[in-house]
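Participant: This structure is in structure tokens; I'll ask about it shortly.
Derivation of every value follows stated rules applied to the coordinates shown; laboratory data play no part. Here the structure is a predicted model, which means the values were calculated and not measured. Note: ideal-geometry Cβ built from the backbone for every residue, glycine included; neighbour counts use all protein chains shown.
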Amino acid sequence: MCGIIAGVSGHDVTGTLLEGLKRLEYRGYDSAGLALIDEQGEILRKRSTGRVKALQDEVTSDVRVRGNIGIAHTRWATHGKPTKQNAHPHICNETVALVHNGIIENHEALRASQEKMGYRFTSNTDTEVIVHQVHSNLEHSADLFSALQQTIKELEGAYSLAVISNLEPDCLVVARQGSPLVIGLCEGENFIASDVAALLTKTREFIFLEDGDVACITADNVRIVDTNGKQVDRQVHHSRLNSDSVELGEYRHYMLKEIYEQPTAAADTLEGRLSGNRLLAATFGHEADEIFDSITSVQIIACGTSYHAGLVARHWLEEFAGVATSVEVASEFRYRSHVVPENCLVISISQSGETADTLAALKYAKEIGFQHSLCICNVAESSLTRESDMVLLTHAGPEIGVASTKAFTTQLIALMQVVIALGQRNSMTHEQEERIVRELRSLPVKIAEALELDTEITVIAEKFAHKKHALFLGRGTHFPIAMEGALKLKEISYIHAEAYPAGELKHGPLALIDNEVPVIAVAPNNELLQKLKSNIQEVRARGGELIVFADPATGFKEKDGLTVIEVAPVDDIIAPIIFTIPLQLLAYRVALIKGTDVDKPRNLAKSVTVE
Ligand code: F6R
């Protein structure tokens, strides 16, 4: 999704803005641009389609492009094609320039009235109405800050905005409603961005704006008003991240780096939460005890990979904690009626904490009477964490690759902690808790072992690169893992992949099987093994090419049309986490052969902040 960076300083900010845009590239975009106020007090703009590198080349080849105040943007097209004309910043009458992340829902009505006022449009975006509106309001306002406060009263939708005007060349004004925006505080200069990653080379001191906030930022001051126009002090947070956490280092892609970071991410997500063979009561904060005591059911809401984590957790919550659990894709949950159960805990799961559908679904759940909420999230100061009663962080570290990897496995680890917390109050025995904790503790080592399959998988990947379709099979907790494997493969290699619970094959998908459609089965050694074996026979009997990721004790033997990749034996409890690793590697290795843009697959964005 779109990324914003802007700043005001005692010296030229161009380099910082370009560097910040590069650090925002992971969010997904198709054009980029920046605008500065130059020494002559004029707004100078550069825009280009494609990569930030193209913008950088244009900027560095023009010595005039310098300025102590500026705004910059990566655009992920929603309204209007990814053309130079539609790229941000948008400018009105050479006086006001603006960048925007989000969607303005009443843009058509605003456009109609602005056209009557004589404003000329140069793009097909929803954004352009905002810059004209600020310009129009500026005529009747004391300053740019008041003009923006007036403007946001007239906007419907979601936005983070950064605005400059050559009438007030020392002041950057910004606003936030539904889309993320942070202020990075520095000595003699200040910046804003869509996320902290963009500013880590400049500072580790951040203010997270809240919905409805508008801020006026100069090189040495920050003034914030809330949705009622009242001046407010927002807390300054010190980020634990440093700029290295978002560097690629020795790896070719962020996705590979993040796959290999999983042993550490797992250890970090367990740190401080276990004592001996028990989960520490303090893990969820002091208010959690009372809430957890009352919980009789769970409703999970999430999107994409995070939704798959929720599907695994449903099995665990019902089996180990004895708590009835429903899981629903957030974009569906928010648009239907619900019978709200009493004492139900809504668990939202999100890597970014900014996914518009998940956020809206949580707000909707609260509105219709769900009383308690817990958020499992990788970003401490995100919209979702702020909206939730309780927060359990996954300490995966920044995830830059668009395809989620370490966020998923750490979500599963965090969810297992919820299972224990609720289980302690219900049907879980001490022995079960001890077993789960022991297995969780073993994860960093077992994940590292699973990563050793990489070489074998690199060879298997060759079989895939020329295929157009693939089918993933799993049963029980491993059906969502098959779904996750299929999602990874399709999003980064563009091979059409679907997942089925293996028992469903004969109810339709078996018709697809021939030697052109590889079938990937996830085969842990559990009580469903014999059933899975029968399903696999159904595929073999129809000439399908099978690749089975199997525990050695399952007894699968390599033969014509059947490739077996042995995954070291693990306890059933952590098997879904361990079997995820080879599927992530498979998707990565296939994408590498196909030469796709692994970290930024076409049409996708990292943080999906629009509906
Ligand atoms: C797939 C992927 C997406 C995200 C989904 C939700 O690899 O990354 O499916 O899982 O967009 O994002 P978060 O978890 O940030 O809410």
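Participant: Quick check on my link table: of Lys366/Lys600; Lys467/Lys600; Lys463/Lys557; Lys257/Lys506; Lys202/Lys488; Lys406/Lys463, which ones sit more than 28 Å apart, alpha carbon to alpha carbon?
Facilitator: Lys366/Lys600; Lys257/Lys506; Lys202/Lys488
Participant: Roughly how many nanometres apart are two label points built 7 Å out from the Cα toward the Cβ at Ala109 and Arg386?
Facilitator: 2.5 nm
Participant: Ordered by packing density, taken as the mean number of other Cβ atoms within 10 Å over each peptide's residues, highest first, how do 265-274, 430-439 rank?
Facilitator: 265-274, 430-439
Participant: Let me make sure I get this right: for the range 40-170, a, b and c are the square roots of the gyration tensor eigenvalues over alpha carbons, sorted descending. Under 1.5 in a/c it's rounded, otherwise prolate if a/b > b/c, else oblate. Which is it?
Facilitator: Oblate shape, in that a/c is at least 1.5 and b/c is the bigger or equal ratio.
Participant: Restricting to Cα pairs below 8 Å that are 6+ residues apart, what does the relative contact order work out to for the range 97-250? Please round to a whole percent.
Facilitator: Over the range 97-250, the number comes to 18 percent.
Participant: Counting other beta carbons within 10 Å of each Cβ, put Thr125, Thr203, Thr74 in order, fewest first.
Facilitator: Thr203, Thr125, Thr74
Participant: How big is the range 387-475 along each principal axis, measuring the range of its Cα positions in Å and listing the largest first?
Facilitator: Taking max minus min along each principal axis of the Cα atoms, the range 387-475 gives 51, 35, 25 Å.
Participant: Could you list Tyr29, Tyr494 in order of exposure, starting from the residue whose Cβ has the fewest other Cβ atoms within 10 Å?
Facilitator: Tyr494, Tyr29
Participant: Using the charge dipole of the range 135-212 (Lys, Arg: +1 at Cβ; Asp, Glu: -1 at Cβ; taken about the Cα centre), state which of His140, Ser165, Gly188 has its Cα farthest towards the positive end.
Facilitator: Gly188
Participant: Could I ask something else about it? Between Val459 and Glu434, what FRET efficiency follows from the Cβ-Cβ distance if R0 is 51 Å, with the result rounded to 0.05?
Facilitator: 0.80
Participant: Less than 16 Å apart at the alpha-carbon level, and either on another chain or at least 8 residues along: which aspartates and glutamates does that give for Lys531?
Facilitator: Glu504, Asp551
Participant: Sticking with this one: Whose amide H sits under 5 Å from the amide H of Val327, counting only residues 5 or more places off or on another chain, with H placed in the peptide plane?
Facilitator: Residues meeting the criterion, in which the H sits 1.01 Å from N, are Ile300.
Participant: Please give the length that would be gained between Asn124 and Glu342 if that part of the chain were fully extended, namely 0.36 nm times their separation in residues minus their C-alpha to C-alpha distance (nm, one decimal).
Facilitator: Roughly 73.8 nm would be gained on extension.
Participant: Dipole of the range 48-96 (Lys/Arg Cβ +1, Asp/Glu Cβ -1, origin at the Cα centre): which of Trp76, Leu55, Val65 lies farthest to the positive side?
Facilitator: Trp76
Participant: Say R0 is 45 Å: what FRET efficiency, to the nearest 0.05, do Asp233 and Glu566 get from their beta-carbon distance?
Facilitator: Computed FRET efficiency for Asp233 and Glu566 comes out at 0.20.
Participant: Using only the Cα atoms of the range 211-330, build the gyration tensor, take square roots of its eigenvalues as a ≥ b ≥ c, and label the shape rounded, prolate or oblate: rounded if a/c is under 1.5, else prolate if a/b is larger than b/c, else oblate.
Facilitator: It comes out oblate by the Cα gyration axes.
Participant: So if I place +1 on the C-beta of Lys and Arg and -1 on the C-beta of Asp and Glu, and nothing else carries charge, what would the dipole magnitude of the chain be about its Cα centre? I want it in debye, nearest 20.
Facilitator: 1400 debye
Participant: With an 8 Å Cα cut-off and a minimum separation of 6 or more residues, compute the relative contact order for the range 98-169 in percent.
Facilitator: 49 percent
Participant: Still on this model: Which value, to two decimals, describes the C-alpha radius of gyration of the chain once divided by 2.2 N^0.38 Å?
Facilitator: Cα-based Rg divided by the globular estimate yields 1.01.
Participant: Now, a different point. R0 = 45 Å: FRET efficiency of Met117 with Ala54, Cβ-based, nearest 0.05?
Facilitator: 0.80
Participant: In terms of Cα to Cα distance under 27 Å, which lysines are near enough to Lys116, apart from those fewer than 8 places away along the same chain?
Facilitator: Answer for Lys116, where 27 Å is the Cα cut-off: Lys81, Lys84, Lys153, listed by chain and number.
Participant: Could I ask something else about it? How big, in percent, is the set of alpha carbon pairs in the range 301-361 lying more than 15 Å apart?
Facilitator: 50 percent
Participant: In the chain, which helices (entire DSSP H runs) extend 24 Å or more along their own long axis, judged by Cα positions, while averaging at least 0.5 on the Kyte-Doolittle scale?
Facilitator: Membrane-span-like by this criterion, though nothing is claimed about a membrane: 406-425, 575-594.
Participant: Further, regarding this structure: Picking from Gln40, Ile565, Met428, whose Cα lies most toward the positive end of the charge dipole for the chain (charges on Cβ: Lys, Arg +1; Asp, Glu -1)?
Facilitator: After comparing all options, I get Ile565.
Participant: Semi-axes, largest first, in whole Å: what does sqrt of 5 times each Cα gyration tensor eigenvalue give for the range 462-505?
Facilitator: 19, 11, 7
Participant: As a footprinting exposure proxy, order Cys303, Cys186 by other Cβ within 10 Å, with the fewest listed first.
Facilitator: Placing the least packed residue first, the sequence is Cys186, Cys303.
Participant: Now for a separate question. Taking the Cα-to-Cβ direction at Lys594 and at Glu527 and moving 7 Å from each Cα, how far apart do the two end points lie in nm?
Facilitator: 3.8 nm
Participant: Between Thr83 and Thr95, what is the label-point separation in nm under the 7 Å Cα-to-beta-carbon projection?
Facilitator: Going by the 7 Å Cα→Cβ label model, 2.7 nm.
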